[in-house]
Amino acid sequence: MSGLRGHGVRRPDERAVGSSEAAAASGAAEHAGRPGRQPLELLSDREREVLDRVLEGHTYPSVARALGLSPHTVDTYMRRIRAKTGATHRMQLLRLAMADALETGSGDTGDTRGHAHPDRR
């Protein structure tokens, strides 16, 4: 049985567990080092596209279907978005998007009030 020692039981790598926290801190620090630059400006076009759909109320699977991705990939994009912006939950991301819309004058904050949700038509 000594030959099996260490096999079959995986322990989470402490470096991997803390990596998302470190990435979030790095994203926030990167933003802090660039005055005048909004956190959402750090996002790639694809990350912004995923974020916009999530903030419209779409689920990860519906975003994945619409963009031709897997739900896992959408989750990965959302993790990257949180890391770059320093946000820890969707409400913080929504607040960032609203502030960005007010600054740019676009008015597009993902507001779907009065419209049927695409998944519920």
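The values are calculated or read from the model by the stated rules, or taken from the named source; none is laboratory data. Only a predicted model underlies this, so the values are computations on that prediction, with no experimental measurement involved. Reconstructed Cβ throughout: ideal geometry from the backbone, glycine too, with neighbour counts over all protein chains shown. The area values use the complete protein model at the heavy-atom level, side chains included, leaving out ligands, DNA and RNA. Shrake-Rupley method; radii C 1.70, N 1.55, O 1.52, S 1.80 Å.
Taken about its Cα centre, region 45-104 carries a charge dipole of about 240 debye when Lys and Arg each add +1 at the Cβ and Asp and Glu each add -1 at the Cβ. For region 45-104, the solvent-accessible area works out to 55 Å² per residue, with a probe of 1.4 Å and every protein chain left in place. Normalised by the number of residues in region 45-104, the mean separation of alpha-carbon contacts (under 8 Å, six or more apart) gives a relative contact order of 28 percent.
Ranked by the mean number of other Cβ atoms within 10 Å per residue, highest first, peptides 80-93, 50-63 order as 50-63, 80-93.
Gain on full extension, evaluated as 0.36 nm per residue between Q92 and T73 minus their Cα-Cα distance, stands at 4.7 nm.
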